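The values are calculated or read from the model by the stated rules, or taken from the named source; none is laboratory data. All figures in this text were calculated on a predicted structure; none of them were measured in a lab. Backbone-built Cβ (ideal geometry, glycine too); neighbour counts: all protein chains shown.
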């Protein structure tokens, strides 16, 4: 009997804000974990924005990446590793799953280094501050061990450097990095839209790596999608079978484990 496929599921923060959505995602995680070895990575953008506003800290983003100073990092860690992660773990447990709440800093799951300045799609050079980027290939032995034992790692997108400095990590970047390290058959990026959209707002069914580069270059991909497409490219180049981008509220979670089936109303990113 073939072993169940390994899948990394990234959940956008918009799917975890309301009690109804969180319960729907928790049931989906339980379902998918029944047919696959599953690791979940989550973000929490809007809740971070709200917490920053409450603290009087201005928000700044470039191409979907959050510019992070020390004050912003404190809020990010509290929201992601604290309230959202704990709430999602409790929800999955209530749905009948076996979740374990973690961050990328735990047990060296994802060692990060401070990101170099980037050149934005507008041509500006931007220092992202306390933002992490992978420091070499991930070897997430803890996640693999938990999955083999029937648990579901639920990872908040906070990382740490080799020196122990905490860093804010884009959730798409972390999910892609872990998918490569786990040799996952599939990475699923679930958010609030039905995949990658063309200029007319229609879902593009299949995107190749050259297509992804063209969408960014031509400006068809919006700011939030730029980071997603880069994460997709990194995952596929790193050996992940494919990436599915879709609306988390419409995904057929059980079907996601069938890596040969076409996922409707989603974008499939392939080599």
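Residues considered: 132, 150, 159, 136. Of these, the only one that is closer than 24 Å to residue 76 by Cα and either surrounded by fewer than 17 Cβ atoms within 10 Å (Cβ to Cβ) or in contact (Cβ under 8 Å) with a residue 60 or more places away in the chain (or both) is 136. The residues of the range 62-78 that are within 17 Å of the chain's Cα centre (by Cα), surrounded by fewer than 22 Cβ atoms within 10 Å (Cβ to Cβ) and over 18 Å from residue 191 (Cα atoms) amount to a single one, 77.
For residue 261, the conditions (1) closer than 19 Å to residue 42 by Cβ; (2) touching a helix residue (DSSP H, G or I) at 6+ places or on another chain (Cβ under 9 Å); (3) assigned to a loop (DSSP other than H, G, I, E, B) are fulfilled apart from (1).
Summed over the range 128-159, the residues that are part of a helix (DSSP H, G or I) and modelled with pLDDT of 95 or more give a count of 7. Take the conditions in contact with a helix residue (DSSP H, G or I) (Cβ under 9 Å, 6 or more places away or on another chain), in a helix (DSSP H, G or I), in contact (Cβ under 8 Å) with a residue 12 or more places away in the chain and buried (at least 16 other Cβ atoms within 10 Å of the Cβ) and apply them to residue 184. Does it pass? Here the answer is no, as residue 184 does not meet what is asked. Identify, please: which residue in the range 18-45 is in a loop (DSSP other than H, G, I, E, B) and under 16 Å from the mean Cα position of the chain (by Cα) and is, among those, nearest to residue 141 (Cα to Cα)? The extreme case among them is 43.
Residues satisfying the criterion are present in the range 228-240 (criterion: in a loop (DSSP other than H, G, I, E, B), in contact with a strand residue (DSSP E or B) (Cβ under 7 Å, 6 or more places away or on another chain) and crowded, with 21+ Cβ neighbours inside 10 Å).
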